[in-house]
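Note sheet for the following structure.
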There are 2 protein chains.
Amino acid sequence: MSLTNALPADAARAAKSASHILATLPTAARNNALTAIHSALSASKEEILAANARDLTLAKKAAEDGELSLSIVSRLDLSKKGKWEDMLKGILDVRELEDPVGKATLRTKLDDGLELERVSCPIGVLLIIFEARPEVIANIASLAIKSGNAAILKGGKESTESFVAISKVISAALQSTEVPNTAIQLVTTRDVIPQLLGLDQYIDLVIPRGSNELVRYIKSSTKIPVLGHADGLCSIYLEHTADPKMAVKVVVDSKTSYPAACNSVETLLVEEAALETVLPAVAEALLEKGVSLRCDPTSKKALTAKLSAHSSVILQDADESDFDTEHLSLVLAIKTVSTITEAISHINFHGSHHTDAILTSSSPLAEQFMSSVDSAGVFWNTSTRMADGMRFGFGTEVGISTNKIHARGPVGLEGLMIYKYKIRGGGHVSLEYGESGGQKSFKHEKLAL
Amino acid sequence: MSLTNALPADAARAAKSASHILATLPTAARNNALTAIHSALSASKEEILAANARDLTLAKKAAEDGELSLSIVSRLDLSKKGKWEDMLKGILDVRELEDPVGKATLRTKLDDGLELERVSCPIGVLLIIFEARPEVIANIASLAIKSGNAAILKGGKESTESFVAISKVISAALQSTEVPNTAIQLVTTRDVIPQLLGLDQYIDLVIPRGSNELVRYIKSSTKIPVLGHADGLCSIYLEHTADPKMAVKVVVDSKTSYPAACNSVETLLVEEAALETVLPAVAEALLEKGVSLRCDPTSKKALTAKLSAHSSVILQDADESDFDTEHLSLVLAIKTVSTITEAISHINFHGSHHTDAILTSSSPLAEQFMSSVDSAGVFWNTSTRMADGMRFGFGTEVGISTNKIHARGPVGLEGLMIYKYKIRGGGHVSLEYGESGGQKSFKHEKLAL
């Protein structure tokens, strides 16, 4: 890793060159680099935590002056219990993942002595823009090296001292490995983001990790493909045959286990026939957890009739904007729908195509919902919070994507790969074949992988 | 198919709604629609050719006035031998392809009663912008319906009468099928392209089919992902152990079999050690075919010494821009390199990442080239012209992509697909599991597909 003050175009060009080398390194060379980074960081704990303490001092002062939120200050702190150890363990976890590079995904005998092979390969140069958490830099450097991609990193300014300290250690560690120093570059100069976002000849993919505002800004400022999601407006459709106990459990988990997460539920669509049967228990449980329920008139009327006076008095009225808002807090919008078709249509036009669930005992309705809802995750009788790379068993998570091309949903290392087509021939040329007027025909025999 | 004069946003919104229905239709329903289109077009040959004749009359007049090239006039003509039959056969060919929708590509048992499945599904709404050829509309409508995607089509104005006639027939044919009429829409009003390119909330992918200028304009005018390539600057690296006969055959095919194609070779990189051994025969064969050779000083000197006086006198001098130009004609730039590393680096920084080949008898050098060159196609001892969906055995070709995400190289129906994650559960929630403080652990068992 190099800490660069180079012009953005020079840094990006150097990253591109490094990516060409990195892409050809064998598995062991990339894994050895991760081992070297792990050892070097372990050995430099003191100096890194000292740098982090300097960031913290400044941040606390800014918080006192009301210029920084306390939650950012808390996220900055690398000395918090378990954080340092988790960061180090994360590097080894990534090292142990299956190598995603060089996997054949198609092999075809085009003709005798002419074989086509499709092989996974790294995308090239990633630009990763993130906010305050200093441990993210080690995680991202590991993912990039493991997947054979070069990366340019730009972190939030509150963590500058920590980033610089960590990147110096990583840089020194890479000197003893086959991974080029410019494969991972930390950019610390200010105001370079707009310039980097214009370098589509060198940078292949942008991954913003941070707030919705950050993602939205990046998406609107570049032609480079952006992996990620700006919004997570997830819905649950509560159908009348849903088991009430199950419904309570799933909706409560979806809303309250981590309300600020992108995979938390924001809208509950209730089938009319469930208003007086399943909904009351769900609503009661949510209210007990402190959730504000913003109800449409029909659901409010039904709940008012069914709930205790104490509960019903705190029901709120939803307005239209509630169904287009990612609250990211203990607020849930409730809307009545007459059919599953109405629920599906509402989700497809008001949701963010992230993760949506149906609660029902009917398998046909569940399958209809899962094929019709146009979202990365479509779940039956389980929490929307299950949308997560670790829970999916991917070993790591680069992010969650609501894109409709390339990678969708929780993205693991596979999402950092593309493929190339190799052909090994013996002088075969196009004009020999039928469609160009020649005598030969292609055989197109599938070969084993 | 509907012929729409609707506002672009209304047309796109209608296409989005239709895409949600189309995505859930079974294979048979989509195939039946293709059968219906085929029959209806067969029955309407006369009226369509009459409309095409009106386009042709106008185009010929425009050509006489010097406002249109003769090659465009020729491409317009649907009555040319075999063209009508090929168009109809193409619809049935697409119908016979394997259904790309609903394929499971990953199945994991997350826990007892909790299964994750990744299933291929259509991308959604495609915007396809193309130029004059009227038969393209039938081809694209077939590909879209087969792959379960809605499509908005905008064709070149020279073919308007033909497009309208074909789309009326397709529209009537779809009435008797389950495919919604608004799934395929032809937009004929002028100046709608900029508006359509701004509708990223409804349109998921843009596919431009036409000139480099068209593709470049589209890429620079939209945030919607664009599938395609603006340039095809392909190179061949001629290493000194290459069999001279093979080299002659492959380079001649790569340059001369269809010089205007994107997969034709534009630059020949010659290893120094091959200058006096393999290159002369290759150059002689190219000159015989009428190819202009634009040589760097070293290769020109070597060829001048080896070729007949007659041949050597027509050698030209390359300037730097020749190595960054897609000539699309019988012009080939020749550059001397001292090593394979120099060849690889030249290709990675001057090429267009489309298709590049190495001619050599050395398997290790070929493998080095194929892993190091950052292009969609990397070929050993075969013509760059092999980069083609039909030749690859994909059955059809949506286009050739130089993108580094989603689909790369020749793109078949698979390139029009994305996936979604389905989970079927029994009330499982996130807080029950270890990483959230619960007692349960995920099992993450791979299941058979």
Checklist outcome for this item: Counted residues in region B:231-251 being open to solvent by 10 Å² or more (accessible area, probe 1.4 Å), within 9 Å of chain A (Cβ to nearest Cβ) and among the aliphatic types (A, V, I, L, M) come to 1
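Any residue at all in region B:33-52 that's of a type outside the set (Gly, Ala, Ser) and within 16 Å of B:THR182 (Cα to Cα)?
Taking region B:33-52 first, the residues of a type outside the set (Gly, Ala, Ser) are B:34-35, B:37-38, B:41, B:45-49, B:52.
Now narrow it down to the ones that are within 16 Å of B:THR182 (Cα to Cα): B:34, B:37.
Checked region B:33-52: at least one residue is of a type outside the set (Gly, Ala, Ser) and within 16 Å of B:THR182 (Cα to Cα).
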Next on the checklist: Quick test of your reading of the structure: A:ALA15 fulfils all but one of (1) open to solvent by less than 20 Å² (accessible area, probe 1.4 Å); (2) modelled with pLDDT of 95 or more; (3) away from chain B (no Cβ under 14 Å). Name the failing condition by number.
Outcome noted: (3)
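Considering each residue of region B:221-237, count those that are part of a loop (DSSP other than H, G, I, E, B) and under 22 Å from B:HIS327 (Cα atoms), and give that number. If you could, list the steps in order and put the result at the bottom.
So in region B:221-237, the residues part of a loop (DSSP other than H, G, I, E, B) come out as B:221-225, B:227-233.
Applying the additional criterion that residues be under 22 Å from B:HIS327 (Cα atoms) yields B:228-233.
The qualifying residues number 6.
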Item to check | Flag if B:ASN181 is more than 20 Å from B:ARG54 (Cβ to Cβ), open to solvent by 10 Å² or more (accessible area, probe 1.4 Å), under 22 Å from the mean Cα position of the chain (by Cα) and at pLDDT below 95 | outcome: no
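Are there any strands (runs of 3 or more DSSP E) wholly within region A:252-368 with 3 or more residues that are within 12 Å of another protein chain (Cβ to nearest Cβ), and if so which?
Details: elements: A:265-271, A:292-295, A:331-337, A:355-359.
In region A:252-368, A:355-359 are the strands (runs of 3 or more DSSP E) which contain 3 or more residues that are within 12 Å of another protein chain (Cβ to nearest Cβ).
Tell me which residues, restricted to region B:7-21, are of a type in the set (Val, Ile, Thr) and in contact with a strand residue (DSSP E or B) (Cβ under 8 Å, 6 or more places away or on another chain).
First, the residues of region B:7-21 that are of a type in the set (Val, Ile, Thr): B:21.
Selection gives nothing.
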Checklist entry - Of A:ASP93, A:ASP86, A:ASP10, A:ASP99, which residue is within 23 Å of the chain's Cα centre (by Cα) and closer than 30 Å to A:ASP200 by Cβ? => result A:ASP99
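State yes or no: is A:ILE170 surrounded by 23 or more Cβ atoms within 10 Å (Cβ to Cβ), out of contact with any Pro (no Cβ under 7 Å at 6 or more places or on another chain), in a helix (DSSP H, G or I) and among the aliphatic types (A, V, I, L, M)?
Working: surrounded by 23 or more Cβ atoms within 10 Å (Cβ to Cβ): yes; out of contact with any Pro (no Cβ under 7 Å at 6 or more places or on another chain): yes; in a helix (DSSP H, G or I): yes; among the aliphatic types (A, V, I, L, M): yes.
Against the criterion (surrounded by 23 or more Cβ atoms within 10 Å (Cβ to Cβ), out of contact with any Pro (no Cβ under 7 Å at 6 or more places or on another chain), in a helix (DSSP H, G or I) and among the aliphatic types (A, V, I, L, M)), A:ILE170 qualifies.
Among the residues of region A:139-148, is any of a type outside the set (A, V, I, L, M, F, W, C), in a helix (DSSP H, G or I) and open to solvent by 10 Å² or more (accessible area, probe 1.4 Å)?
Start the filter on region A:139-148 by keeping residues that are of a type outside the set (A, V, I, L, M, F, W, C), which leaves A:139, A:142, A:146-148.
From what is left, the residues that are in a helix (DSSP H, G or I) are A:139, A:142, A:146-147.
So of that shortlist, the ones also open to solvent by 10 Å² or more (accessible area, probe 1.4 Å) come out as A:139.
Scanning region A:139-148, I find at least one residue that is of a type outside the set (A, V, I, L, M, F, W, C), in a helix (DSSP H, G or I) and open to solvent by 10 Å² or more (accessible area, probe 1.4 Å), so the answer is yes.
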Checklist outcome for this item: Result of the Cβ filter at 9 Å on region A:178-191, keeping first residues that are without any contact (Cβ under 8 Å) to a residue 40 or more places away in the chain and partners that are assigned to a helix (DSSP H, G or I), at least 6 apart or interchain, is A:ARG190/A:LYS157
Item to check | First in region B:313-332 and in contact (Cβ under 8 Å) with a residue 40 or more places away in the chain, second anywhere and open to solvent by 70 Å² or more (accessible area, probe 1.4 Å) and among the basic types (Lys, Arg), Cβ under 9 Å, 6 or more apart | outcome: B:LEU330/B:LYS289
Item to check | Neighbours by Cβ (under 8 Å, 6+ apart or cross-chain): first from region A:121-144, over 22 Å from A:ALA40 (Cβ atoms); second part of a helix (DSSP H, G or I) and among the polar types (S, T, N, Q) | outcome: A:CYS121/B:SER371; A:PRO122/A:SER19; A:PRO122/A:SER147; A:GLY124/A:SER19; A:VAL125/A:SER19; A:ALA132/A:SER159
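May I ask you to say which residue of B:ALA318, B:ALA309 is at pLDDT below 95, open to solvent by 20 Å² or more (accessible area, probe 1.4 Å) and more than 29 Å from the chain's Cα centre (by Cα)?
Values: B:ALA318 fails: at pLDDT below 95.
From the options B:ALA318, B:ALA309, the qualifying one is B:ALA309.
Would you call A:ASP55 in a helix (DSSP H, G or I) and within 14 Å of chain B (Cβ to nearest Cβ)? Spell out how you get there, then give the answer.
Values: in a helix (DSSP H, G or I): yes; within 14 Å of chain B (Cβ to nearest Cβ): no.
Criteria not met by A:ASP55.
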Checklist entry - Could you say which residue among A:LEU78, A:LEU68 is assigned to a loop (DSSP other than H, G, I, E, B), modelled with pLDDT under 90 and not small (Gly, Ala, Ser)? => result A:LEU68
Item to check | The lone exception for B:GLY228 - which of (1) in contact (Cβ under 8 Å) with a residue 12 or more places away in the chain; (2) within 11 Å of chain A (Cβ to nearest Cβ); (3) among the small types (Gly, Ala, Ser) it fails | outcome: (2)
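Looking only at region A:221-256, how many residues end up being within 19 Å of the chain's Cα centre (by Cα) and more than 27 Å from A:HIS346 (Cα to Cα)?
Counting residues in region A:221-256 that are within 19 Å of the chain's Cα centre (by Cα) and more than 27 Å from A:HIS346 (Cα to Cα) gives 3.
Does A:SER372 satisfy the criteria of being more than 30 Å from A:GLU96 (Cα to Cα), more than 8 Å from chain B (Cβ to nearest Cβ) and open to solvent by 10 Å² or more (accessible area, probe 1.4 Å)?
Values: more than 30 Å from A:GLU96 (Cα to Cα): yes; more than 8 Å from chain B (Cβ to nearest Cβ): no; open to solvent by 10 Å² or more (accessible area, probe 1.4 Å): yes.
For A:SER372, the condition - more than 30 Å from A:GLU96 (Cα to Cα), more than 8 Å from chain B (Cβ to nearest Cβ) and open to solvent by 10 Å² or more (accessible area, probe 1.4 Å) - is not met.
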Checklist entry - Given the conditions (1) in a loop (DSSP other than H, G, I, E, B); (2) under 14 Å from the mean Cα position of the chain (by Cα); (3) more than 7 Å from every other protein chain (Cβ to nearest Cβ), and given that B:MET390 satisfies all but one, which numbered condition is not satisfied? => result (3)
Next on the checklist: When you check B:ILE400 against the structure, is it touching a residue at least 24 places away in the same chain (Cβ under 8 Å) and at the interface with chain A (Cβ under 7 Å from one of its Cβ atoms), yes or no?
Outcome noted: no
Next on the checklist: Please pick out the residue among A:GLU64, A:GLU98 that is farther than 30 Å from A:GLY198 by Cα, out of contact with any His (no Cβ under 8 Å at 6 or more places or on another chain), within 14 Å of another protein chain (Cβ to nearest Cβ) and open to solvent by 10 Å² or more (accessible area, probe 1.4 Å).
Outcome noted: A:GLU98
Checklist outcome for this item: Among residues of region B:408-449 being among the hydrophobic types (A, V, I, L, M, F, W, C) and at the interface with chain A (Cβ under 8 Å from one of its Cβ atoms), the residue surrounded by the fewest Cβ atoms within 10 Å (Cβ to Cβ) is B:LEU431
Item to check | In region B:185-220, the residues that are surrounded by fewer than 20 Cβ atoms within 10 Å (Cβ to Cβ) and under 19 Å from the mean Cα position of the chain (by Cα) | outcome: B:ARG209, B:GLY210, B:SER211, B:ASN212, B:GLU213, B:LEU214, B:ARG216, B:TYR217, B:LYS219, B:SER220
Checklist entry - In the set B:LEU22, B:LEU34, B:LEU41, which member is closer than 19 Å to B:ASN139 by Cβ, in contact (Cβ under 8 Å) with a residue 24 or more places away in the chain, within 14 Å of chain A (Cβ to nearest Cβ) and open to solvent by less than 20 Å² (accessible area, probe 1.4 Å)? => result B:LEU22
Checklist entry - Cβ-Cβ below 8 Å, separation at least six or inter-chain, first residue in region A:434-449 and closer than 11 Å to A:THR108 by Cβ, second in a loop (DSSP other than H, G, I, E, B) and modelled with pLDDT of 95 or more: which pairs? => result A:LYS443/A:ASP112
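Only one residue in B:LEU186, B:LEU92, B:LEU88 is touching a strand residue (DSSP E or B) at 6+ places or on another chain (Cβ under 9 Å) and either hydrophobic (A, V, I, L, M, F, W, C) or not in a strand (DSSP E or B) (or both). Which one? Write out each step before concluding.
Working: B:LEU92 fails: touching a strand residue (DSSP E or B) at 6+ places or on another chain (Cβ under 9 Å); B:LEU88 fails: touching a strand residue (DSSP E or B) at 6+ places or on another chain (Cβ under 9 Å).
Exactly one of B:LEU186, B:LEU92, B:LEU88 is touching a strand residue (DSSP E or B) at 6+ places or on another chain (Cβ under 9 Å) and either hydrophobic (A, V, I, L, M, F, W, C) or not in a strand (DSSP E or B) (or both), namely B:LEU186.
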Next on the checklist: Can you go through A:ALA273, A:ALA261 and tell me which one is in the same structural domain as A:VAL378 (by TED's automatic domain parsing) and within 27 Å of B:SER17 (Cβ to Cβ)?
Outcome noted: A:ALA273
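The values are calculated or read from the model by the stated rules, or taken from the named source; none is laboratory data. Only a predicted model underlies this, so the values are computations on that prediction, with no experimental measurement involved. Heads up, the Cβs are rebuilt from the backbone with ideal geometry, glycines too, and the neighbour counts pull from every protein chain shown. Remember, those area values only see protein heavy atoms, side chains included, never the ligands or the DNA or RNA. Shrake-Rupley method; radii C 1.70, N 1.55, O 1.52, S 1.80 Å.
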